[in-house]
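The values are calculated or read from the model by the stated rules, or taken from the named source; none is laboratory data. Remember, it's a predicted structure, so these values are computed and weren't measured experimentally. Quick reminder, even Gly has a Cβ in these numbers, built from the backbone with ideal geometry, and neighbours come from all protein chains shown.
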Amino acid sequence: MKQLYADLVSLGYDGSYGRVAAFALEWKADLQRELQTSGRGTYVPLAFDPGEAFQFDWSEDWAIICNERTKLQVAHTRLSYSRAFIVRAYLLQTHEMLFDAHNHAFRVFGGVPRRGIYDNMRTAIDKIGRGKERNFNVRFMAMASHYLYEPEFCNPASGWEKGQVEKNVQDSRHRFFQPTPRFPSLEALNDWLELRCKGVWQQTPHGKMRRTIA
């Protein structure tokens with residue numbers, strides 16, 4: 001900005017630095033509104049229509065499985081409109097685990113939204129280009145094509161673009177994994193997690209309607 005002001009002065013401008021700075025900020029804001037972007041990258045709307053989108057993320061947590069403390073990869077899927085969610089635990093973040101998590105989420109939700117919002121996880125993205133350019137993983141895209149939804153990916157280091165599910169990760173850790181749960185098998189843990197998630201739905205007000213999210 002200082003260099004721009006110096007250049008203008010050299011061309012005969014006799015106004016103040018503050019006026020130049022104010023004009024530049026206003027121009028930038030107008031451009032961002034026109035292009036639907038923000039200072040941190042592509043704009044992702046925070047208001048969603050019913051059935052429009054879901055958000056997905058992984059977290060790491062712990063449980064006692066078969067009397068052994070086990071590190072878990074936990075899949076979180078959250079509907080962007082109702083904010084209903086499902087949590088499911090795995091031992092790894094492989095494609096098979098990713099596919100299984102989506103299968104169970106859509107089963108529990110009773111359908112598939114039109115869009116899925118993700119970060120740039122390795123099971124979905126082979127290479128990140130400039131802006132929104134991505135080299136998509138073939139197996140991931142086959143899953144999206146099977147379920148007939150459109151995947152979208154956040155800008156790098158822009159977790160706020162899927163803030164609902166990121167908050168869900170924090171809340172679920174306190175609800176379900178503190179204190180450390182103990183189960184005879186991973187299947188038993190996941191059955192319990194599904195019941196607990198549905199129980200939370202019964203207690204959580206819907207963000208748009210005068211009822212719970214259940």
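A few notes on this one:
- The residue of the range 190-214 that is surrounded by the fewest Cβ atoms within 10 Å (Cβ to Cβ), among those that are of a type in the set (Lys, Arg) and modelled with pLDDT under 95, is Arg210.
- Tabulated pairs, the range 129-141, first closer than 14 Å to Tyr118 by Cα, second among the polar types (S, T, N, Q), C-beta under 9 angstrom, 6+ apart or interchain: Lys132/Thr42; Lys132/Asn155; Arg134/Asn120; Asn137/Thr123; Phe140/Thr123
- Meets criteria (among the acidic types (Asp, Glu) and under 28 Å from Glu187 (Cα atoms)) for Asp126: no
- Residues that are closer than 27 Å to Arg182 by Cα and in a loop (DSSP other than H, G, I, E, B) occur at least once in the range 71-88.
- Every condition in (1) touching a residue at least 24 places away in the same chain (Cβ under 8 Å); (2) charged (D, E, K, R); (3) in a strand (DSSP E or B) holds for Asp126 except the one numbered (1).
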